[in-house]
Amino acid sequence: MNKKRFAVLYCIIVTPLMLCLLFLAMEVLISIGVYLRYQRFDFDGGLLKIAFKLVPLFCLLGAVFWYLECRRLKVRLPFINDNRETRWVEAANSIAEDIHAKVHCPECQQAFLEINISLNEHKQERRHMSCPNCAVEHIIRML
């Protein structure tokens with residue numbers, strides 16, 4: 001599993017628990033305030049039930065945070081099909097046909113790919129495609 005995705009998945013687990021514990025801590029603090037003011041301890045169990053009923057909402061909120069954080073960190077999610085592979089294949093085909101073709105980066109789509117040619121140990125041509133904007137790099141091996 002991708003380390004970034006795993007770290008961000010932590011958000012989906014911790015967020016609902018933290019919000020639920022925060023709700024409980026607020027209830028305890030309010031009860032302590034009531035005790036200090038009126039000399040009676042008033043802990044309402046109904047609010048505790050509400051806190052646990054809100055946990056699914058907090059889980060959904062955690063999932064939304066997880067998705068947004070993955071998008072911000074540009075972590076590729078397996079269940080989202082954004083046709084990135086198709087764009088890379090099209091870019092590779094264009095560059096294989098014409099080395100001077102101006103092809104936008106399939107990742108960020110903001111800059112043109114830079115092409116560098118090298119030869120490997122078997123004298124096969126390799127075309128290195130790199131984006132100056134997002135620093136992604138792919139290699140085409142010409143046969």
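Quick note: the coordinates plus some simple rules give every number you see, no bench work behind them. Since the structure is predicted, the reported quantities are computational estimates derived from the model, not experimental observations. Neighbour counts run over all protein chains shown; Cβ positions are idealised from the backbone, glycine included.
Taking H placed 1.01 Å from N in the peptide plane, check which residues at least 5 places from residue 107 or on another chain put their amide H under 5 Å from its amide H.
none
Can you list residues from other chains, or at least 5 along the same chain, whose modelled amide H is less than 5 Å from the amide H of residue 133?
Answer set, sorted by chain and number: none.
Tell me the label-point distance for the pair residue 67, residue 38, using the 7 Å Cα-to-Cβ offset, in nm and rounded to one decimal.
Modelled inter-label distance: 4.3 nm.
For segment 84-141, just run the numbers: alpha carbon Rg, then divide by 2.2 N^0.38 Å, N being how many residues it has. Before the final figure, lay out the partial values.
Values: Rg = 11.0 Å, N = 58, 2.2 N^0.38 = 10.3 Å.
It is 1.07.
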